[in-house]
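Asker: I'd like to ask you about the structure that follows.
The values are calculated or read from the model by the stated rules, or taken from the named source; none is laboratory data. This one's a predicted model, so the numbers in the text were calculated from it and none came from an experiment. So basically every Cβ, Gly included, is an ideal-geometry build from the backbone, and we count neighbours across all protein chains shown.
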Amino acid sequence: MNNVHPGIANLRAYAPGKPIDELARELGLSDIIKLASNENPRGPSDAVRAAIGEAMETLSRYPDGNGYALKQSLAKHLGVDESQITLGNGSNDIIDLITRVTVEPGYEAIVAEHSFVAYRLSVACSGGTLVSVPALQYGADLDGFVAAVTEKTRTVFIANPNNPTGTWVAEAELVKFLDALPAHIWVVLDEAYFEFSGEETYPNTLAMLERYENLIVTRTFSKVYGLAAMRIGYGICSPYFADLLNRARQPFNVNSLALCAAETALADRSFVQQSVVLNNQGKQQLIDGFNQLGLEYIPSLGNFLSVDCGQSAQPLFQDLLHKGVIVRPIAEYNLPQHLRVSIGLAEENQRFLRAFREVLDEVLG
């Protein structure tokens, strides 16, 4: 039928990391590890598990549509005003809201090559045009972004660190970019992985919000907090733009259990610190393994690494599935030779490296 949105009709649906249950059904396996979706391998904290159990008593009631308690906690935690916060069904929801507010048919949004596919999906659904700037060392070429600006440019998306490459933009580089960009263009800093960064030059974007009113920061509870299944994220921006986002969002877009879990998780600082330490140890474990295999990888500030297999990664991905190891091929991001590997528990990382060596040896004969 022709009476549908052409931008949506031409889209491919987002393909998530392969679920464990799906692989178990397909291959009849029972011992499976998943290192495909950049999840916290520890799961949520014990405090969060207990809070969710108590919150189950209110499932017959609608959630607080304004998320008052979580906004209060976030405002205190972040040092911003609650009027600057918008809550979403994951940070993807916030990204989609931003696109709906800023992009319309005939206008453009700029992204970097190898950027998270959610930006492309949101822009297409809004009827806008996506402008992809070639990557610079797998990351965002911000000078290229400025050169790509036209009178039709409305929004720029920068994932920092970027998924799936793990590359990042330093503070001095970001300030230079923001100063060069026309002030009417909205700049979205997607910081889903910022808790893992640990880099001195990583930008303090919240401190920049007063100076740059066109800046919007998005974050999530899906990664370091271990709440991916709860689907809760948030945006921080000017009160003016936050008001626009709240006009566009669906009623009750965040459920009660997610609100409760996020508020509890935010208070559990030790869980976050321990998760970051575990991630750093696991990252080094993978780096050492890749070095031993003689394979190059992209340096990453996230909880994942993308490794260059030196050949098409898809057959290796399939071979790993048969060994009960799920990782992520990223050919859709124009990286057909790379596998993205989420950092897991030490024993999971070791099992992946062992299986990876086996499939490489099998391919080489």
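Asker: Go through region 295-332 residue by residue and tally those that are at positive phi and of a type in the set (Val, Ile, Thr). Steps first, please.
Answerer: Kept after step one, since they are at positive phi, are these residues of region 295-332: 310, 324.
Now restrict to residues that are of a type in the set (Val, Ile, Thr): none.
Total satisfying the criteria: 0.
Asker: Please determine whether any residue of region 31-43 is within 24 Å of the chain's Cα centre (by Cα), surrounded by 12 or more Cβ atoms within 10 Å (Cβ to Cβ) and not in a loop (DSSP other than H, G, I, E, B). Steps first, answer last, please.
Answerer: Taking region 31-43 and keeping what is within 24 Å of the chain's Cα centre (by Cα), we get 32-43.
Subsequent filtering for residues that are surrounded by 12 or more Cβ atoms within 10 Å (Cβ to Cβ) retains 32-43.
Right, trim to not in a loop (DSSP other than H, G, I, E, B) and you get 33-34.
There is at least one residue in region 31-43 that is within 24 Å of the chain's Cα centre (by Cα), surrounded by 12 or more Cβ atoms within 10 Å (Cβ to Cβ) and not in a loop (DSSP other than H, G, I, E, B).
Asker: State yes or no: is residue 359 of a type in the set (Val, Ile, Thr) and in a strand (DSSP E or B)? Lay out the reasoning, then the answer.
Answerer: Details: of a type in the set (Val, Ile, Thr): yes; in a strand (DSSP E or B): no.
Against the criterion (of a type in the set (Val, Ile, Thr) and in a strand (DSSP E or B)), residue 359 does not qualify.
Asker: What strands (runs of 3 or more DSSP E) completely inside region 86-191 contain at least 1 residues that are modelled with pLDDT of 95 or more and surrounded by 24 or more Cβ atoms within 10 Å (Cβ to Cβ)?
Answerer: Numbers: elements: 108-112, 129-133, 153-159, 186-190.
Correct list: 108-112, 153-159, 186-190.
Asker: Collect the residues in region 64-85 that are assigned to a helix (DSSP H, G or I) and crowded, with 16+ Cβ neighbours inside 10 Å, keeping them in residue-number order.
Answerer: From region 64-85, those assigned to a helix (DSSP H, G or I) are 68-78, 82-84; that's our starting set.
Passing the criteria: 70, 71, 73, 74, 75, 78, 82, 84.
Asker: I've got another one for you. Go over the candidates 22, 57 one by one and state the one that is part of a helix (DSSP H, G or I) and over 20 Å from residue 317 (Cα atoms). Full working, then the answer.
Answerer: Working: 22 fails: over 20 Å from residue 317 (Cα atoms).
Answer to the selection: 57.
Asker: Right, another one. Residue by residue through region 143-177, note down the ones that are of a type in the set (Ser, Thr, Tyr) and either free of Cβ contacts under 8 Å to residues at least 12 places away in the same chain or in contact with an Asp or Glu (Cβ under 6 Å, 6 or more places away or on another chain) (or both). Explain how you work it out, then say what you get.
Answerer: Looking only at region 143-177, we keep the residues that are of a type in the set (Ser, Thr, Tyr), and these are 150, 153, 155, 165, 167.
Correct list: 153 only.
Asker: Quick one: in region 82-133, of everything that is of a type in the set (Asp, Glu) and in contact with a helix residue (DSSP H, G or I) (Cβ under 6 Å, 6 or more places away or on another chain), which residue is nearest to residue 335 (Cα to Cα)? I'd like the intermediate steps shown before the answer.
Answerer: Taking region 82-133 first, the residues of a type in the set (Asp, Glu) are 82, 93, 96, 104, 108, 113.
Next, only the ones that are in contact with a helix residue (DSSP H, G or I) (Cβ under 6 Å, 6 or more places away or on another chain) stay: 82, 96.
On the way: 82: 40, 96: 25 Å.
The extreme case among them is 96.
Asker: Could you count how many residues in region 195-215 are over 30 Å from residue 255 (Cβ atoms) and part of a loop (DSSP other than H, G, I, E, B)?
Answerer: Result for region 195-215: 12.
Asker: Scan region 316-327 and give yes if some residue there is surrounded by fewer than 16 Cβ atoms within 10 Å (Cβ to Cβ) and either modelled with pLDDT of 95 or more or acidic (Asp, Glu) (or both), otherwise no.
Answerer: Of all residues in region 316-327, those surrounded by fewer than 16 Cβ atoms within 10 Å (Cβ to Cβ) come to 318, 322.
Then keep just the ones that are either modelled with pLDDT of 95 or more or acidic (Asp, Glu) (or both); that gives 318, 322.
Looking for residues that are surrounded by fewer than 16 Cβ atoms within 10 Å (Cβ to Cβ) and either modelled with pLDDT of 95 or more or acidic (Asp, Glu) (or both), one finds at least one in region 316-327, hence yes.
Asker: Name the one entry in 305, 295, 266, 278 that is farther than 19 Å from residue 226 by Cβ and surrounded by fewer than 20 Cβ atoms within 10 Å (Cβ to Cβ). Show your work before the answer.
Answerer: Working: 305 fails: surrounded by fewer than 20 Cβ atoms within 10 Å (Cβ to Cβ); 266 fails: farther than 19 Å from residue 226 by Cβ; 278 fails: farther than 19 Å from residue 226 by Cβ.
Going through 305, 295, 266, 278 in turn, the sole match is 295.
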